[in-house]
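Below: one structure, written as structure tokens.
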Amino acid sequence: MLKAVLQTGDLAAAEHNLTAEWGQESLYGGRVRLFTPEALEAILKDASFTIKARRGVRVIADYLPAQISRSAEYERIFALERKLGKRREFFGVARYMHCLASSATPGSEGDE
């Protein structure tokens, strides 16, 4: 959503994606299912998973100006991505959100 506005100025696409269930992923070139953080967390909870950690992924990398070399500055970009991705206030602007979850069922590795 944010990429559509910042890079292309496509306000209609950004607004549409706020409620869309499916979207076009330019990074991988295909159709993807869209989830809000709340919906993803509800799905995991309904499947008896407990969320252990959340991370925002690609918080800034997709929005850097062209003059910043992704290859020459890779280490610095990656380090900043890791720092920002751990902060809850950046989950909403990250391109992706990863959740690390564990099963709460008896006999799972978490019970040992």
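The values are calculated or read from the model by the stated rules, or taken from the named source; none is laboratory data. Keep in mind it's a predicted model, so treat the numbers as computed, not measured. Positions of Cβ are generated from backbone atoms using ideal geometry, with glycine treated the same way; all protein chains shown enter the neighbour counts.
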Write out, first by first residue and then by second, each pair whose Cβ atoms fall under 6 Å of each other, whose residues are 6+ apart or on separate chains, and whose first residue, in region 90-101, is touching a residue at least 24 places away in the same chain (Cβ under 8 Å) and under 18 Å from Ile51 (Cα atoms) while the second is of a type in the set (Lys, Arg) and loosely packed, with under 15 Cβ neighbours inside 10 Å. Leu100/Lys52
Considering residues of region 1-59 that are of a type in the set (Gly, Ala, Ser) and touching a residue at least 24 places away in the same chain (Cβ under 8 Å) only, the residue surrounded by the fewest Cβ atoms within 10 Å (Cβ to Cβ): Ala53
Identify the single condition in (1) exposed (fewer than 10 other Cβ atoms within 10 Å of the Cβ); (2) among the small types (Gly, Ala, Ser); (3) within 14 Å of the chain's Cα centre (by Cα) that Ala66 does not satisfy, given that it satisfies every other one. (3)
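The rows are residues; the columns are (1) at pLDDT below 90; (2) under 20 Å from Glu81 (Cβ atoms).
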{"position": "Ala13", "(1), (2)": "yes, no"}
{"position": "Asn17", "(1), (2)": "yes, no"}
{"position": "Pro37", "(1), (2)": "yes, yes"}
{"position": "Lys45", "(1), (2)": "no, no"}
{"position": "Phe49", "(1), (2)": "no, no"}
{"position": "Val57", "(1), (2)": "no, yes"}
{"position": "Ala61", "(1), (2)": "yes, yes"}
Quick check on region 36-46. Is at least one of its residues hydroxyl-bearing (Ser, Thr, Tyr) and within 20 Å of Ala101 (Cβ to Cβ)? yes
Being among the hydrophobic types (A, V, I, L, M, F, W, C) and either modelled with pLDDT under 85 or closer than 18 Å to Asp62 by Cβ (or both) is the filter here; which residues of region 19-34 pass it? Leu27, Val32, Leu34
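Out of Ser102, Ser108, which single residue is of a type in the set (Gly, Ala, Ser) and either surrounded by 15 or more Cβ atoms within 10 Å (Cβ to Cβ) or at pLDDT 90 or above (or both)?
Exactly one residue qualifies, and that residue is Ser102.
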